[in-house]
Every structure is written in structure tokens, then in C-alpha cells.
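Quick note: the coordinates plus some simple rules give every number you see, no bench work behind them. If you're wondering where the values come from, they're calculated on a predicted model, not measured in any experiment. Positions of Cβ are generated from backbone atoms using ideal geometry, with glycine treated the same way; all protein chains shown enter the neighbour counts.
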Amino acid sequence: MASTKTTHVRTLIIGGGITGLSTAYALEQRKDTDYLVVEAQDHVGGLCVTTCQKGYQFDFGGHLLHLHTAQGKKLIKKLLGTNLQRHTRHAFIYTNGMQVPYPFQQNLWALYPELRALCVEELKRLNSCSKISPNNFEEWCLKLFGYGIYEAFLRPYNEKLWGCALSELSCDWCGPFVPAPLRKEILQSAQRKPTKPTGYNASFYYPKKGGIGALVNALAQHVTHVRTKAKVTSIDLTKKVAQINKQTFIHFDRLVNTIPLPDFVNLLNANTHLKKAVTALKARPVTIYHLAIARNVPHFSWIYFPDQTQPFYRVGLQSGFASDSMPSKKSSLFYIELPGLVPQTSAMEERIWQGLHQKGIVSCEDTKLFSAWQTIPCAYVMFNTTRAQTVPFLLNELEKQQVYCAGRYGRWEYSFMERSLIQADQLAQKLAKLV
């Protein structure tokens, strides 16, 4: 029987993904080295890792760096140095035989004349003076864009992605992620192309070499106290002790959680009221299919597919922004994102191929060189009324017991990597004041 071991740290960090490593990095920068990062897998990085198989290098879908703050840019450039490149977005929507530049709502000029006229007419019908606040995502879309744009793209795409009616989703996540140009700008786009791209992802950064895993590796070089293959099996917040691999006990003064909030709460001994509350939290899983073909396809960043006839909702061109992702320069590597947990079978691969062929992305002459599957169980947190009430309650109750949650999964939100990095730095600053 394995003997038990006991140790103590001031700060225990659960999860060695980008948020956990960033928190440890930020503590190190403040000369606080009395911490420990515990990671269940045999490597750090979580979903922010780059996999290499048969010479092909790929991430968990499109792990791109959207940097909007001086703090975020400074930190990323400090970590990656010259191993960083800025890219301009080249994204489209393929729907009903149309290729429309993204965002749809600011490129009405690309629509069929009849659909363009409908979108304009419905937009002009809106009451711009209405003070009524939308109660859900459906109402938010209709209030800002009108029925035409809603039915042409926003409803079918988002229903496909989220797997539910848009009236079931709240609109508290929309601000940074759904481009909302002014009404006059939307109307102007029916007459001419916009002069500049809009949206939080109009441009993005990506490592020149090593995939997004290069960022994790850069962080890990500055983090000295990490234990991998260290699965947390239970936590007692009263005694402030966590059990690791059912045999090691780590005592802590405060705890930072970066793993999915429901998973963390379910590790807690007692705390039945928190466990009951967390059952209401849901997430939409995503399946990713990586595919390489023996041809250089015309450049694009990613393409959206709202049509229900296609099994995928988005296709990205990994080789378009990562030149080292393939063993041969005369090939293309795609990441293909499918909503939900789909069967990883040859029949599904054939359906994906046929969908790509129908849209002109692959041809009959193309040869498949490589393919691989991945899944993300909690890809998109379900934003609904229940979440809006439950998450603040959980975070507040946990903080009372010196448990601090950070990152996309720790705070159970929809965000991007820059936000995780900044949250980690802010949390480290807060913890420094509590010493």
C-alpha cells in the first residue's frame, strides 16, 4: 500500500493550463514562490497545447491570440519575443450559395439582391428609440439587426453552434464576441464594402514556430513549482487540504482554481449547497477533425457554415497562419469544428469530405495525407438565466473560503487567452496584498 505524504504551500493552483501557469508566472514575478501548480495530465498546457503527429502540428481548434490591451501585448511579446507574428483576418460565411465576408452584418453588399433588400427593409423597420432591454440572445439580435439578418445568418449559425433556440440563451456574453456595428454602418454596407474589418478578431497573433504550445512552453520556463500526473481527488475547504492521487495531502492557505467550475465544486467534501447549485451549469462540447491534403488551397483564415446540411460550423486553415504545421509546403492543413460530440467514424469523415467538396474547399483530385480527431467537452459555456444567477453565487461563496477562480473554465465564461493572462496577473496582485 502506498504511503501517504503531507506538504504545505501558501497557494495551491489547480490546473496547469494557460491560466494556472500564468497565475504561477505572475506570482513568480512578484517574488512569491510559495506555490504549487498541480496538473492531472502528464504535461502542462491544458487545451493550450500543440500536438505533433506524423509531422503535422495542430492545436485544439483555432487557438489564436486576440490582443486588445497594452498589458496583454506587452506580456505576450515578453514571453514570445520575436517568435510572434500578426495576421489580418480573412474570414467568410458560406451559406445558401453565397460567400459573404465576415462579419455578415457589415457586408450586406455581398448578398443576393433580394436578400439584401429584405435585410435593409427589416433593419429600417426597427424602432431606434426603443428603450426596452432584450431579455435573451434572440431579442438582442432582433433589436440590433432586424429579422432579415437574424434569419439569414445569426439564427441558423448560432442554433447550430449552441444546439438550442436562441431564446434560451442570455445576451450578457455578446458584447465582445458578436460584432455590433452602428445601424448606419450596416445600411452603408448594403451599398459598398466597408473600408476596414471590424470585430474583436479583425487581426490576431500567432507564434511563428511551435504552434500555440510555444506560449505554454515560454510560460513554463518561468514556473518552478509544477507537479504533473497529480490528479486532485478531494478537497476539504474547512481543513484547507487537498488530496492528490488519493495518497498525497497538500495543505494550503488559499487555493486558485482554473479547472471547469462544476468539476472543481464536485471535488469538495461537504458543501452540498454548492454541489446542488453547480448541477445547473451546462456546456456545449465540440469535436475537431484535422485534415491535411496534398495541395496549397487559396488562403483564408476560417469560414463559417450556418447551413444545417453541413456537419461542421467552422473550418480553419491552420497552414494559413502556421507555416511550420506541415512536413511539406505543398499541402494544406485544416481544423474542422463540429458542434457536439459526433461519432469519430469513417462515415463521418466521408460526410465531412463531401461537405468540403460541395463548398469547393477540396476537389475530386485532392489526396488526403493525414487526419486526426480531438474533443473539447466544455468548449462553450451555456450562457442562460441559470448561469447568470449561479456563477456569481458560487464565486462569492468560494472566495469567502479563500478560493479564487480564474480563466475561461474557472470562472465558467466565454473568453479568450489574453483575458486569462490578465485575470491571472490581477489575481496574483490580489493575493500579494493578502499575505
Any chance you could count how many residues in segment 343-399 are part of a loop (DSSP other than H, G, I, E, B) and either surrounded by fewer than 19 Cβ atoms within 10 Å (Cβ to Cβ) or among the hydroxyl-bearing types (S, T, Y) (or both)? 10
Within segment 400-435, track down each residue that is more than 24 Å from the chain's Cα centre (by Cα), within 17 Å of L36 (Cα to Cα) and not in a helix (DSSP H, G or I). Q402, V435
Looking across segment 323-342 at residues that are charged (D, E, K, R) and touching a residue at least 60 places away in the same chain (Cβ under 8 Å), the single one that is surrounded by the most Cβ atoms within 10 Å (Cβ to Cβ) is E337
Which condition number in (1) more than 22 Å from I212 (Cα to Cα); (2) surrounded by fewer than 22 Cβ atoms within 10 Å (Cβ to Cβ) is the one that G320 fails? (1)
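Could you identify the single residue in T69, T6 that is more than 30 Å from F312 (Cα to Cα), of a type in the set (S, T, Y), surrounded by fewer than 20 Cβ atoms within 10 Å (Cβ to Cβ) and within 20 Å of the chain's Cα centre (by Cα)? Before the answer, list the steps.
Details: T6 fails: within 20 Å of the chain's Cα centre (by Cα).
The conditions single out T69.
Tell me, which helices (runs of 4 or more DSSP H) lie completely within segment 114-184 with 2 or more residues that are within 25 Å of F383 (Cα to Cα) and in contact with a helix residue (DSSP H, G or I) (Cβ under 8 Å, 6 or more places away or on another chain)?
Working: elements: 137-149, 155-162, 174-177.
Helices (runs of 4 or more DSSP H) meeting the threshold: 137-149, 155-162.
Looking at L12, L75, L36 in this structure, which one is within 20 Å of the chain's Cα centre (by Cα) and surrounded by 21 or more Cβ atoms within 10 Å (Cβ to Cβ)?
Values: L12 fails: within 20 Å of the chain's Cα centre (by Cα); L36 fails: within 20 Å of the chain's Cα centre (by Cα).
One residue alone meets the criteria, L75.
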Qualifying residues in segment 22-65 (those that are touching a helix residue (DSSP H, G or I) at 6+ places or on another chain (Cβ under 6 Å) and in a loop (DSSP other than H, G, I, E, B)) - the one nearest to T233 (Cα to Cα): V44
Kindly provide the set of residues from segment 308-342 that are of a type in the set (G, A, S) and either in contact with a helix residue (DSSP H, G or I) (Cβ under 6 Å, 6 or more places away or on another chain) or not in a helix (DSSP H, G or I) (or both), ordered by number. G316, A322, S323, S325, S328, S331, S332, G340
